[in-house]
Amino acid sequence: MKILVCISHVPDTTSKINFNNELTEFDTNGVQFVINPYDEFALTRAIWFQEKQGAKVTVVHVGDASTEPTLRKCLAIGADDAIRIDAVPTDGFFVAQQLAEIYKQGEYDLILTGKESIDYNGAMVPGLLASFLDIDFVNACISLEIDGTTATAETEIDGGTETFTANLPLVVAGQKGLVEEKDLKIPNMRGIMMARKKPLSIVAPVEATAVTEIERFEKPAQKAACKMIDANDVDQLIELLHNEAKVI
Amino acid sequence: MSVLVFADTSEGIYKKSTLETVSYAKAISDLLGSELVAVSMNATDNTALQNYGANQIVNVQSASLNNKQYAATLTQIAKEKNSTVVVLGNNAIGNSVAPLIAAQLKAGYTSNVVAVPINTAPFTVVRKNFSGKAFGQTQILSEVKVIGLAKNSFGIVEKPTTATVTDFQATETNTTLASVSVDKNSGKIAIADADIVVSGGRGLKEASNFSLIEDLAEVLGAATACSKPVSDMGWRPHSEHVGQTGKPVAANLYIAVAISGAIQHLAGVNASKTKVVINTDPEAPFFKAADYGIVGDAFEVVPKLIEKLKAFKAENA
Ligand SMILES: Cc1cc2nc3c(=O)[nH]c(=O)nc-3n(C[C@H](O)[C@H](O)[C@H](O)COP(=O)(O)OP(=O)(O)OC[C@H]3O[C@@H](n4cnc5c(N)ncnc54)[C@H](O)[C@@H]3O)c2cc1C
Ligand SMILES: Cc1cc2nc3c(=O)[nH]c(=O)nc-3n(C[C@H](O)[C@H](O)[C@H](O)COP(=O)(O)OP(=O)(O)OC[C@H]3O[C@@H](n4cnc5c(N)ncnc54)[C@H](O)[C@@H]3O)c2cc1C
């Protein structure tokens, strides 16, 4: 089984979000980048298939050279090889077209992604990719098993969960639950050493167009100060929630 | 030309979030001066959509469809109705169907949109980015646009009309996806649907103390939620984890009990309209993001609050 894991490279969750003076671009100064947390669940599951079922795991990312440490980290965690498509990812449509090309060249059986990138929050790359390739798609996956060419996937639906079977090839967008939090891998010294020798190929992007364009960013308006209520006076809280906030 | 909106149902009834999505789509159709076509899925009474401005109702009745079948059906209707804008809500089904439609229609898709377009030419929407830490004005450059509406960002607006109703057969498509089982959290309110969410953090010390959260949620008719470490430790199910890497919350009222207010937690719950924080530590960062705060011990404050709320509910019933 060949698995392609799509990796998004995002600011660490503790990052303060700032923009350039024109408010047109995210300011990366002083920002630590990490593997998108949802993709980490997907990658860890892929490595489980590698260890238990002999799968080969390739990670792929669309981004410029500055993103390579993120790919090396994926290799250190256990991916077999990495592909970087050398282009600035200008929108989800563009990214999905690039990934579709890699899929077609590699004859993969399974594409794993995160359900959303925590920076631009597009929540579209996996669905677009599945649709471009005309293969089935499971979103918000919380458990995935593969038996031969059949996948069994549990996904979150509104107010519950649903379990599907599907034939490979398949696109699965994962999230927490796909593996346990405690099983997420931290690269160790040996992994980091081995990662240096693993192949990381750089490929040129194919011709593709973006269909959206971010013009300007804004930060949420500053909040008014919090009204403090005495712990012995919960009646006041109820009164405020009822008459002022009008939420109960 | 038309605006198309997906009106999904739960057990035959339109959810509040669906009516919000339809109201929002109506506002766009008004801006564009085009008709609003609502695709109604398995409704027992689709005429309800007329109250929210649908000019045409396309009625689909079908056994459960998977995301690909939904997308094929909506794509076909969008083509037949010459739709230039397709609107879905950002719930579980909308999230998985919207990108599939966008790919089929070669349309730009923006999810998590929070307001009516600020401009129609070029078509520009405002959406959440960076998990709610910022908003981005985004132009959609393609001829057809697909929009996902963030929950609780527009509201329900009544606009009575008279609609024509036609029946439509779900479109066939090749798919190997087969549903084997559905497991509904029966009797529990889903976080995504809840007007009020009551959430507990690590400060509650152990799993059994979450009865406090459940009791408070029960009086308020609220959904229960928790911080990440609480679900990591198995005190509560993963489905209750809210925040940047868990479920987003955009409730009218969010009550955080014994949660410190880490940046990742706040990112996911900030979109809630009113936030109440109960914490022993006056320096807890959550107070800076809250509307109302009580510095106090949850084990004393919450039982009192439950008791007083019961009295309040009895009086205002
Ligand atoms: C300089 C710059 C300018 C940008 N300008 C715009 C703009 O004008 N308009 C706009 O919409 N966006 C813009 N972006 C954001 C960029 O589009 C996103 O990185 C990309 O679209 C994917 O993010 P998403 O939020 O759509 O992904 P999602 O669909 O939320 O991601 C879901 C999953 O898809 C996979 N994935 C996502 N991105 C990648 C990737 N790059 N490589 C491999 N797999 C991936 C991951 O598995 C991820 O978990 C810009 C980014 C940069 C760096
Ligand atoms: C990559 C990454 C992603 C993350 N994503 C998320 C996420 O999505 N959601 C999330 O929640 N976290 C997330 N976190 C974790 C986050 O950083 C915090 O660790 C977490 O939110 C803290 O949870 P807490 O507030 O319950 O616990 P703590 O920070 O331990 O806070 C407990 C609070 O309880 C108070 N307290 C103690 N006793 C009482 C009492 N008797 N009565 C009242 N108050 C009391 C304390 O004063 C304290 O403020 C993420 C972290 C990382 C690194």
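For B:Gln76, all conditions in the list (1) assigned to a helix (DSSP H, G or I); (2) open to solvent by less than 40 Å² (accessible area, probe 1.4 Å); (3) not charged (D, E, K, R) hold save one; what is the number of the exception?
Only one criterion in (1) assigned to a helix (DSSP H, G or I); (2) open to solvent by less than 40 Å² (accessible area, probe 1.4 Å); (3) not charged (D, E, K, R) is unmet by B:Gln76, namely (2).
Any residue in segment B:177-194 that is free of Cβ contacts under 8 Å to residues at least 12 places away in the same chain and either closer than 20 Å to B:Val269 by Cβ or touching a His at 6+ places or on another chain (Cβ under 6 Å) (or both)?
No: zero hits.
If we keep just the residues of segment B:269-297 that are more than 10 Å from every other protein chain (Cβ to nearest Cβ) and outside any loop (DSSP other than H, G, I, E, B), which is nearest to A:Gln222 (Cα to Cα)?
The first filter runs over segment B:269-297 and keeps only residues more than 10 Å from every other protein chain (Cβ to nearest Cβ), leaving B:269, B:279, B:281, B:283-285.
Now restrict to residues that are outside any loop (DSSP other than H, G, I, E, B): B:269, B:279.
On the way: B:Val269: 16, B:Asn279: 22 Å.
Ranking the qualifying residues of segment B:269-297, first place goes to B:Val269.
Please indicate, with yes or no, whether at least one residue in segment B:231-238 is within 12 Å of ligand 2 (Cβ to nearest atom), open to solvent by less than 10 Å² (accessible area, probe 1.4 Å), at pLDDT 95 or above and in a helix (DSSP H, G or I).
Among the residues of segment B:231-238, at least one is within 12 Å of ligand 2 (Cβ to nearest atom), open to solvent by less than 10 Å² (accessible area, probe 1.4 Å), at pLDDT 95 or above and in a helix (DSSP H, G or I), which makes the answer yes.
Counting only residues that are over 25 Å from the mean Cα position of the chain (by Cα) and closer than 19 Å to B:Asn209 by Cβ, which one in segment B:261-294 is farthest from ligand 2 (Cβ to nearest atom)?
In this case the residue turns out to be B:Ile294.
I'm trying to understand the selection: among the residues of segment B:307-317, which are under 30 Å from the mean Cα position of the chain (by Cα) and over 11 Å from A:Asp235 (Cα atoms)?
B:Lys310, B:Lys313, B:Ala314, B:Asn316, B:Ala317
Looking for something more than 9 Å from chain A (Cβ to nearest Cβ) and polar (S, T, N, Q) - is there at least one such residue anywhere in segment B:223-242?
yes
For residues that are surrounded by fewer than 21 Cβ atoms within 10 Å (Cβ to Cβ) and among the hydrophobic types (A, V, I, L, M, F, W, C), scanning just segment A:95-131, find the one that is nearest to the other protein chains (Cβ to nearest Cβ).
A:Ala100
Answer with yes or no whether A:Asp91 is closer than 24 Å to B:Ser111 by Cβ and buried (at least 22 other Cβ atoms within 10 Å of the Cβ).
Here the answer is yes, as A:Asp91 does meet what is asked.
When the residues of segment A:14-34 are narrowed to those that are within 16 Å of ligand 2 (Cβ to nearest atom) and open to solvent by 20 Å² or more (accessible area, probe 1.4 Å), which ends up nearest to the chain's Cα centre (by Cα)?
Only one residue fits best here, namely A:Val34.
Just give me the residues in segment A:193-230 being assigned to a loop (DSSP other than H, G, I, E, B), buried (at least 16 other Cβ atoms within 10 Å of the Cβ) and at the interface with chain B (Cβ under 8 Å from one of its Cβ atoms), in sequence order.
If the condition is that a residue be assigned to a loop (DSSP other than H, G, I, E, B), buried (at least 16 other Cβ atoms within 10 Å of the Cβ) and at the interface with chain B (Cβ under 8 Å from one of its Cβ atoms), then A:Ala210, A:Val211, A:Cys226 are the ones that fit.
Give the residues of segment A:162-175 that are buried (at least 19 other Cβ atoms within 10 Å of the Cβ) and at the interface with chain B (Cβ under 7 Å from one of its Cβ atoms), sorted by residue number.
A:Glu162, A:Phe164, A:Ala166
Yes or no: segment B:58-66 includes at least one residue that is crowded, with 24+ Cβ neighbours inside 10 Å, within 14 Å of chain A (Cβ to nearest Cβ) and under 20 Å from the mean Cα position of the chain (by Cα).
No, that holds for no residue.
Yes or no, residue by residue, for (1) within 20 Å of the chain's Cα centre (by Cα); (2) of a type in the set (A, V, I, L, M); (3) under 29 Å from A:Phe94 (Cα atoms):
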{"residue": "A:Asp147", "(1), (2), (3)": "no, no, no"}
{"residue": "A:Gly160", "(1), (2), (3)": "no, no, no"}
{"residue": "A:Asn167", "(1), (2), (3)": "no, no, yes"}
{"residue": "A:Lys198", "(1), (2), (3)": "no, no, yes"}
{"residue": "A:Ser201", "(1), (2), (3)": "no, no, yes"}
{"residue": "A:Cys226", "(1), (2), (3)": "no, no, no"}
{"residue": "A:Glu239", "(1), (2), (3)": "no, no, no"}
{"residue": "A:Ala245", "(1), (2), (3)": "no, yes, no"}
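Condition first: more than 14 Å from A:Ala130 (Cβ to Cβ), at the interface with chain A (Cβ under 9 Å from one of its Cβ atoms) and either open to solvent by 10 Å² or more (accessible area, probe 1.4 Å) or in a loop (DSSP other than H, G, I, E, B) (or both). Now tell me which residues in segment B:85-114 satisfy that. So that I can check it myself, show each step before the final result.
First pass over segment B:85-114, keeping only residues more than 14 Å from A:Ala130 (Cβ to Cβ): B:85-94, B:105-108, B:110-114.
If we keep only those that are at the interface with chain A (Cβ under 9 Å from one of its Cβ atoms) as well, we get B:90-93, B:106-108, B:110-112.
Listed by number, the residues that qualify are B:Asn90, B:Asn91, B:Ala92, B:Ile93, B:Lys106, B:Ala107, B:Asn112.
Quick test for you: out of B:Glu214, B:Glu300, B:Glu307, B:Glu315, pick the one residue that is away from ligand 1 (no atom under 16 Å from the Cβ) and away from chain A (no Cβ under 11 Å).
Just a single option satisfies the conditions, and that option is B:Glu214.
The values are calculated or read from the model by the stated rules, or taken from the named source; none is laboratory data. On a predicted model such as this, the values are computed, not experimentally measured, just so you know. Here Cβ is always computed from backbone atoms with ideal geometry, including for glycine, and neighbour counts include all displayed protein chains. Heavy atoms of the whole protein, side chains included, go into the accessibility calculation; ligands, DNA and RNA do not. Shrake-Rupley method; radii C 1.70, N 1.55, O 1.52, S 1.80 Å.
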